[in-house]
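The values are calculated or read from the model by the stated rules, or taken from the named source; none is laboratory data. No experiment lies behind these values; they were computed from the predicted model shown. Because the Cβ atoms are built from the backbone with ideal geometry, glycine has one as well, and the counts that use them run over all protein chains shown. To get the accessible areas, we keep the full protein, side chains included, count just its heavy atoms, and leave off ligands, DNA and RNA. Shrake-Rupley method; radii C 1.70, N 1.55, O 1.52, S 1.80 Å.
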Amino acid sequence: DARVTQTPRDKVTEMGQEVTMRCQPILGHNTVFWYRQTMMQGLELLAYFRNRAPLDDSGMPKDRFSAEMPDATLATLKIQPSEPRDSAVYFCASGLGVGIGTGELFFGEGSRLTVL
Amino acid sequence: KNEVEQSPQNLTAQEGEFITINCSYSVGISALHWLQQHPGGGIVSLFMLSSGKKKHGRLIATINIQEKHSSLHITASHPRDSAVYICAPSGGGADGLTFGKGTHLIIQP
């Protein structure tokens, strides 16, 4: 049963610490997204990759966030240093993108981050 | 930037009722996704559509590209349909989805 796998599921850390979240997309999917969900803002796009190349990271605070895709089976989202306002649920999603637009998306279960 | 409006924001209905959730967006798109999120749960894609209508079980989604409007209907609603339903257009210059604020649906037995 193909699914998107995210780790960790839950992370509590102190302000200033580095946080790395990982995502394993569904095998064969060429598009990977990172989204953040908070009560106030709802779901927001942070960054996404097509065929491992970053296409849009305009939603991501560049000074502390970085997203990479070192290979087709792993996407990472790193926050350094973390701040309390980064507390949120971070979702990874993958899909088959063809041309303009995105095919059906499959979401991971999310990584709940709490920064104290 | 695509402005997405969903209505209603909150909806409480009785089991068996016909439910309609509406979504309007401001920028032309290539496709629109309807997502479902249960409390404390992950996000599931219900539909992706670029024209016309799609049906899956008791769920029906329609879209009018010219009017920039989509609707999600639930027939014979059931308490297990209680969730947040999120409309998310894609395309229109960006592959990444833009999300509505969601409709909180509660179906009472």
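Structure above, values below:
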| read-out | value |
| --- | --- |
| Matching entry among B:L49, B:L59, B:L105 (being at pLDDT below 95, within 16 Å of the chain's Cα centre (by Cα) and under 26 Å from A:C92 (Cα atoms)) | B:L49 |
| Sole exception among (1) in contact with a helix residue (DSSP H, G or I) (Cβ under 9 Å, 6 or more places away or on another chain); (2) open to solvent by 40 Å² or more (accessible area, probe 1.4 Å) for B:K55, by number | (1) |
| Any hit, the stretch B:28-39, residues being buried (at least 19 other Cβ atoms within 10 Å of the Cβ), more than 26 Å from A:L45 (Cα to Cα) and in contact (Cβ under 8 Å) with a residue 12 or more places away in the chain | no |
| Qualifying residue in the stretch A:13-33 (condition: among the polar types (S, T, N, Q), more than 15 Å from B:G42 (Cβ to Cβ) and touching a helix residue (DSSP H, G or I) at 6+ places or on another chain (Cβ under 9 Å)) | no |
| Qualifying positions in the stretch B:92-109 - assigned to a strand (DSSP E or B), more than 17 Å from B:Q6 (Cα to Cα) and open to solvent by 10 Å² or more (accessible area, probe 1.4 Å) | B:A94, B:Q108 |
| Residue in the stretch B:20-30 that is modelled with pLDDT under 95 and in contact with a Ser or Thr (Cβ under 7 Å, 6 or more places away or on another chain) present | yes |
| Residue check, B:V44 surrounded by fewer than 15 Cβ atoms within 10 Å (Cβ to Cβ) and in contact with a strand residue (DSSP E or B) (Cβ under 9 Å, 6 or more places away or on another chain) | yes |
| Cβ-Cβ under 6 Å pairs, at least 6 apart or on other chains, the stretch B:49-67 side more than 13 Å from every other protein chain (Cβ to nearest Cβ), far side loosely packed, with under 14 Cβ neighbours inside 10 Å and part of a strand (DSSP E or B) | B:T62/B:K53 |
| Residue that is farthest from A:Y90 (Cα to Cα), among those in the stretch B:7-27 that are in a strand (DSSP E or B) and open to solvent by 20 Å² or more (accessible area, probe 1.4 Å) | B:Q14 |
